[in-house]
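Notes follow once the structure below has been shown.
Only the coordinates and a few stated rules stand behind these numbers; no lab work does. Quick caveat: nothing in here was measured; it's all calculated off a predicted structure. Backbone-built Cβ (ideal geometry, glycine too); neighbour counts: all protein chains shown.
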Amino acid sequence: MEQFRPMRRKRQQLSEEESIRILQKSTAGTLALLGDNDYPYAVPISYIYNKGKLYFHSALSGHKVDAIRRSDKASFCVIEQDDVQPEKYTTFFRSVIAFGRIHIIEDEAQKQETARMLGDRYNPNQEEALQKELENGLSRMLMICFDIEHLTGKEAIELVRMHQKQ
């Protein structure tokens, strides 16, 4: 495993449990990859978190898919809170960044399972509709797995102070 930089402002660091809770609760984030001509490529995307992994779906081709095939290193950012405080010239924020390795799922059973997890997350209790969607569309999509190697969360110092007063 790679060595990751420690957070500079440790007082603002969220626990691993709280960072995971944010990933479990949120529905979208920004996936950052090595894009064309070595430029960063960041794309907003829906996801599901499950047991230390993030899962995404994608079209069969495109910039994102090319970038994943080029390099398996990626990061993923979720912003849970972003409250601008104009009078204080600051923002009350809470966010999580995951670093890890990303790959396209090739195994058909695993592809089906992860597509089902994603479908259940965004349209729960609709088994029949989901099954029909998978039968009609699974062959036209990729499922992508992001293995989290390092997870860090951070919140605004003002939020840290508020928690301490409680």
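The aspartates and glutamates within cross-link reach of residue 51, meaning a Cα-to-Cα straight distance under 18 Å and a gap of 8 or more places when in the same chain, are 16, 17, 18, 113, 120, 147, 149. For region 118-165, the normalised intensity computed at q = 0.15, 0.23, 0.32 Å⁻¹ comes to -0.66, -0.89, -1.14 (log10 of I(q)/I(0), Debye sum over alpha carbons, equal scatterers, no solvent). Dividing the summed -39500 (n - 2.57) terms of all DSSP H runs of n ≥ 4 by the residue count of the chain sets its mean residue ellipticity at 222 nm at -9500 deg cm²/dmol.
For a test of the definition: using alpha carbon positions, the gyration tensor, and the 1.5 limit on a/c, classify the chain as rounded, prolate or oblate.
Values: a/c = 2.20, a/b = 1.60, b/c = 1.38.
It is prolate, given that a/c is not under 1.5 and a/b is the larger ratio.
Let me know the shape class of region 1-55, please: from the alpha-carbon gyration tensor, a ≥ b ≥ c as square roots of the eigenvalues, rounded when a/c is under 1.5, otherwise prolate if a/b is greater than b/c, or oblate. Oblate is the answer for region 1-55, as a/c is 1.5 or above yet b/c matches or exceeds a/b.
Given the peptides 125-132, 146-153, arrange them by the average over their residues of other C-beta atoms within 10 Å, most packed first.
Most protected by this proxy first, the peptides run 146-153, 125-132.
One Cα centroid belongs to region 146-166, the other to region 20-35; the line between them spans 15 Å.
Quote the Stokes-Einstein diffusion coefficient, in whole µm² s⁻¹, for region 65-123, based on the Kirkwood radius over alpha carbon pairs, a temperature of 37 °C and a viscosity of 0.692 mPa s.
On the way: Rh = 14.8 Å.
Rounded, D is 222 µm²/s.
The charge dipole of the chain, taken about its Cα centre with unit charges on the Cβ atoms of Lys, Arg (+1), Asp and Glu (-1) only, comes to about 740 debye.
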